[in-house]
Structures are given as structure tokens and as C-alpha cells.
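Inspection log for the structure reproduced underneath, given as C-alpha cells.
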Amino acid sequence: MRLGIDLGGTKIEIIALDDSGKELLRRRVPTPKGDYYETLQVIMQLVHDAETELGQQGSLGIGTPGALSRSTGRLKNSNSVALNGQPILQDLESLLQRPVKIGNDANCFALSEATDGAAKGAEVVFGAILGTGVGAGIVVNGHVLTGPNGIAGEWGHNPLPWPEAHELPGPPCYCSKHGCIETFLSGPGMVKVHQLEARVLLSAEEIVVGAEQGDPACERSLQLYESRLARSLAHVINILDPDIIVLGGGMSNIERLYANVPRIWGNWVFSDRVDTRLVKNRYGDSSGVRGAAWL
């Protein structure tokens, strides 16, 4: 049995899978606000209750924003700031008396989709999350790439490729730079771009609906988004040349992306043809917790 935990800022979710990937159990509870030690206790209780109910012990993987520092072994870059600087891996292994795997949530997403999701069977998978932020994970032959700095796949904090004059210097990013891919391709990024261009505040969902209904300003914003996504993914293809790119996060629900982006990304890919496929995720919001189990 494989147990996976998605440790998010607002909720902690646990899943139990058998070796074939069949779901045996799933639970979700609120994340304790700003309390590291209570968070550890909640995780321990979820594991205990799941194993008691199912009558067996499982391996355990945990997905969380951020990554373990290679220099300190402590968590860094998590938007659940109470976890940053904490020895979460050592503490959990001590509390649970077993080995624990911890992975970045984008890596877990990519692993889930590569194992038994939309990218099953592919050799090289790039799993891109387009949500409140932009991140990605890379899986090669079933194994997550992390890199010596623990940041493999962090394409959201690279600059937008091949920028046009009106895109420079780009919106400010929380990382202290300007023009990061995340500032253009995240949900909030689309909202800000549309507000700047159309002088009206709409949600990302409302922009998509507006385009479907023929609103020219909304259509313009979506076309800009598609161009920026195509350029950003062309950059990935030029470096990694993945077999398949799987989109996750709220923006992955924009169905027209899967036809329109591959139609134009060849303008920037350094090849006479592009065989990389762009697909929607299979497991949606469940990919993170499933990927944690597969760790």
C-alpha cells in the first residue's frame, strides 16, 4: 500500500493506493494555520487513522510547495511559511518511525500523470502547473528529476521568451524580478494583463467566457495568453525536447489551448516539425496527492 499526502496551505489530503493505482481511501482536513508542530500532529493522525482503517501499513510520500534545501535539509520556498526552515523530513520520520519521501508539489503532479495519467508510457514528461503560480516537474523513465539545487522544472521564474516591445520589462514578480513567465501565465497574471489592456477587472473564468461569447477584448487577452504559453513551452521543447507536456492547475481547463498552442509553437521551436504532444491532465486536483503516493 502506498500513502500520499498533499500538504497545502489550506488543506492536508491523504490518499491510499494499492500497487495498481486503485484508490483505497481518501481524507481531507484543514491545515493548521501557522503552526508547524500541529501540522506534524495532523499528518501523523491521518496516517494512523488510514492504516488502522485499512489494516495495513504503507509507504509514505508527501508533496508540498517548496523543496528541501541541499545545504540544511530543511524546507525552503514554501508558501506555507510556517514550514520554511523546519526539519520536516527528519521530524516526520522520527514521529512515524519509517522512511518518508518528500517532493515538490509540481514534481508530484508530473509523476502522477507520468505513472498512470495522461502521460502514461511516455519517456520524457514535462508537467506544467498553471494556477495561482506557475511551476513544473520533469519525469524521465518514471523518475522525477530534481537537480543539485532542487529546482528542476522551475520554469515559472525564467523570463518570458522572445518578448515583444509592449511586454517589456514585464510585470513585477514576488521573486524580485520583472517579466517572469509566472506573471503572464498564472491565473492572476491573466487577470492583471486583461485589466491593463481592457481597463476592466474580470476573473480568468470570465475572460474565457467572454471570448466564447465574442467579446473582442477577452478574445485579445486569450490570444495573448496563447502566444505567451506557446513561446514559453517552445523554450522548454528546445531545451528538454519532451515527448509530452501535461498541463495542470486552473488554467489547464481552457480547452482551446490544446489546439491553438501547438498550432503556433513551431514558430519558435528549433526544428522543422514538432512531435511533442500537449495534453490535459487526467487526475486534475488529485494529481498532487497521487504523485506523493507514487514517490
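Just so you know, all these numbers are worked out from the coordinates, no wet-lab data involved. Since the structure is predicted, the reported quantities are computational estimates derived from the model, not experimental observations. Every residue, glycine as well, gets a Cβ built from its backbone with ideal geometry; the counts of neighbours run over all protein chains shown.
Brief remarks on what is shown
- Kyte-Doolittle mean at least -0.5, axial Cα span of 30 Å or more - DSSP H helices of the chain: 216-240
- Dipole-positive endmost among 200, 218, 233 within the range 180-295 (Cβ charges, Cα centre): 233
- Cα shape, the range 1-148, gyration tensor, a/c 1.5 rule: oblate
- With neighbours defined as other Cβ atoms within 10 Å of a residue's Cβ, the residues 26, 98 order from fewest to most as 98, 26.
- Each Lys or Arg adds one and each Asp or Glu takes one away; over the other residues whose Cβ falls under 12 Å from the Cβ of residue 39, this sums to -1.
- If you sort the three axes of the alpha carbon gyration tensor as a ≥ b ≥ c, you get a/c of 1.5 or more for the range 208-288 and a/b no higher than b/c, which makes it oblate.
- Estimated from helices alone, the mean residue ellipticity of the chain at 222 nm is -11000 deg cm²/dmol (sum of -39500 (n - 2.57) over DSSP H runs with n ≥ 4, per residue).
- In the range 185-261, trypsin sites (Lys or Arg not before Pro) in a DSSP loop with at most 14 other beta-carbon atoms within 10 Å: 199, 256
- Within straight-line cross-link reach of residue 120, lysines at Cα separation under 26 Å, skipping those fewer than 8 residues along the same chain: 22, 101, 280
- Amide N proximity, the range 213-233 versus residue 199 label position 7 Å along Cα-to-Cβ, cut-off under 14 Å: 217
- Considering only beta bridges that DSSP places wholly inside the chain, some 60 percent are antiparallel.
- Bridge type composition, the range 121-282 - antiparallel percent by DSSP, nearest 5: 55
- GNM top mover of 45, 56, 86 - the chain, alpha-carbon springs below 10 Å: 56
- Per-residue ³J(HN,Hα) for the range 173-184, Karplus 6.51 cos²θ - 1.76 cosθ + 1.60, θ = phi - 60°, Hz, x for Gly and Pro: 10, 5, 7, 5, 9, 10, x, 5, 3, 4, 6, 9
- Global geometry of the range 91-159, whether rounded, prolate or oblate, following the gyration tensor of its Cα atoms and the 1.5 cut on a/c: oblate
- Per-residue extension of 0.36 nm, minus the Cα-Cα distance of residue 26 and residue 263, leaves a gain of 81.4 nm for this segment.
- This ranking places 190, 1 by how few other beta-carbon atoms lie within 10 Å of each, fewest first, which gives 1, 190.
- Residues whose amide H comes within less than 5 Å of that of residue 135, counting only those at least five positions distant or on another chain, are 129 (H built at 1.01 Å from N in the peptide plane).
- Choice from 12, 264, 181 showing the highest fluctuation, given a GNM over the chain with Cα pairs closer than 10 Å: 264
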